[in-house]
1. Conditions first: (1) surrounded by 12 or more Cβ atoms within 10 Å (Cβ to Cβ); (2) under 25 Å from Lys123 (Cα atoms). His31 passes all but one, so which condition is the exception?
2. Hey, Glu52 hits all of (1) on the phi > 0 side of the Ramachandran plot; (2) acidic (Asp, Glu); (3) surrounded by 15 or more Cβ atoms within 10 Å (Cβ to Cβ) but one; which does it fall short on?
3. Scan segment 220-233 and report the pairs whose first residue is touching a residue at least 24 places away in the same chain (Cβ under 8 Å) and whose second residue is assigned to a helix (DSSP H, G or I), with Cβ atoms within less than 6 Å and a gap of 6+ or a chain change.
4. Give me the helices (runs of 4 or more DSSP H) completely within segment 1-106, filtered to those with at least 1 residues that are touching a Ser or Thr at 6+ places or on another chain (Cβ under 9 Å) and at pLDDT 95 or above, ordered by residue number.
5. Out of segment 200-218, which residues are surrounded by 16 or more Cβ atoms within 10 Å (Cβ to Cβ) and part of a helix (DSSP H, G or I)?
6. Hey, any hits in segment 87-104 for a residue that's under 14 Å from the mean Cα position of the chain (by Cα), aromatic (Phe, Trp, Tyr) and crowded, with 17+ Cβ neighbours inside 10 Å?
7. Among the residues of segment 175-198, what is the count of those that are among the aliphatic types (A, V, I, L, M) and either closer than 19 Å to Gln228 by Cα or not in a helix (DSSP H, G or I) (or both)?
8. Please work out which residue is nearest to the chain's Cα centre (by Cα), limiting yourself to segment 121-136 and to residues that are among the charged types (D, E, K, R) and assigned to a helix (DSSP H, G or I).
Amino acid sequence: MDGDPEKAKSAAEKALEVDPNQPAALEAMCHILVAKSLAERDEADRRAFLDEAAEFIHRLADVRPDNVSAIKYSAYLMQADEAWPRALEKYAEYQKRMPEDPDSFRRMAAIHLRRRNLESALKQLEALFRLVEDEPAVARQIARIYDRQEQRAKAAHWYLQAIQIDPYDPDVHLALAEVLAADGKYVEAEQEYQVVVKLLPEDPLGFEGLAEIHEKLGNQEKARAYQQKAEELSR
């Protein structure tokens, strides 16, 4: 919301004194209290603001059941209570109404991950990435899921997506190198390990990877040199 949240809250409270079911005032209270909840780092404080918002969310849902904020925030409450199936249904309803809002995709993915439903999580995450292509964390998360499933080509694709957004993340270059090596793409893996050692010259991991790759490629001299470097850094 624009402006001073406290002034907006005071105005909404005054409007609700006149009419307890005034939709605009109820929606304003929902926005203000949910925003306060999301701004808190402490879990207990987050939950306290969400609990305070619950009364207004329920009333708004009763007065305006088709209101998109009522739908979205009702899903928040269900998610907070770990009522996963109901939350997913509500988020899906909201998603149909507001397909350009990344929040429902992000939250549905989180629920599916909690429930270990990886295919449904991937569907939400890939849709989310189309909306927020500047977030490397989303691409990394997709890549890691495919990596755990040993779908190496897909994992490599998504690690590359993350690298295109943030080319200086050594962990992603290392993960990509490992996927490529596991897939027998040693030349490409060697290139990624070289990036790792440039970004992390004091870390033995990149040099260990290079030693393994050159062992696979049959270059024993280079393999020994990189292994020696890795051992020196490990001391």
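The values are calculated or read from the model by the stated rules, or taken from the named source; none is laboratory data. In this text the structure is predicted, and so the values were computed from the model without any measurement. Here the Cβ positions follow ideal geometry from the backbone for every residue, glycine too, while neighbour counts run over all protein chains shown.
1. So the condition that His31 fails would be (2).
2. For Glu52, the failing item is (1).
3. Once the first residue is touching a residue at least 24 places away in the same chain (Cβ under 8 Å) and sits in segment 220-233, its partners that are assigned to a helix (DSSP H, G or I) give Lys229/Phe207; Ala230/Pro204; Ala230/Phe207; Ala230/Glu208; Leu233/Pro204.
4. Because the criterion is at least 1 residues that are touching a Ser or Thr at 6+ places or on another chain (Cβ under 9 Å) and at pLDDT 95 or above, the helices (runs of 4 or more DSSP H) in segment 1-106 that meet it are 23-39, 43-63, 68-80, 84-97.
5. The initial filter retains those residues of segment 200-218 that are surrounded by 16 or more Cβ atoms within 10 Å (Cβ to Cβ), namely 200, 203-215.
Pro204, Leu205, Gly206, Phe207, Glu208, Gly209, Leu210, Ala211, Glu212, Ile213, His214, Glu215, listed by residue number.
6. No: zero hits.
7. 3
8. Step by step, filter segment 121-136, then rank; the result is Glu126.
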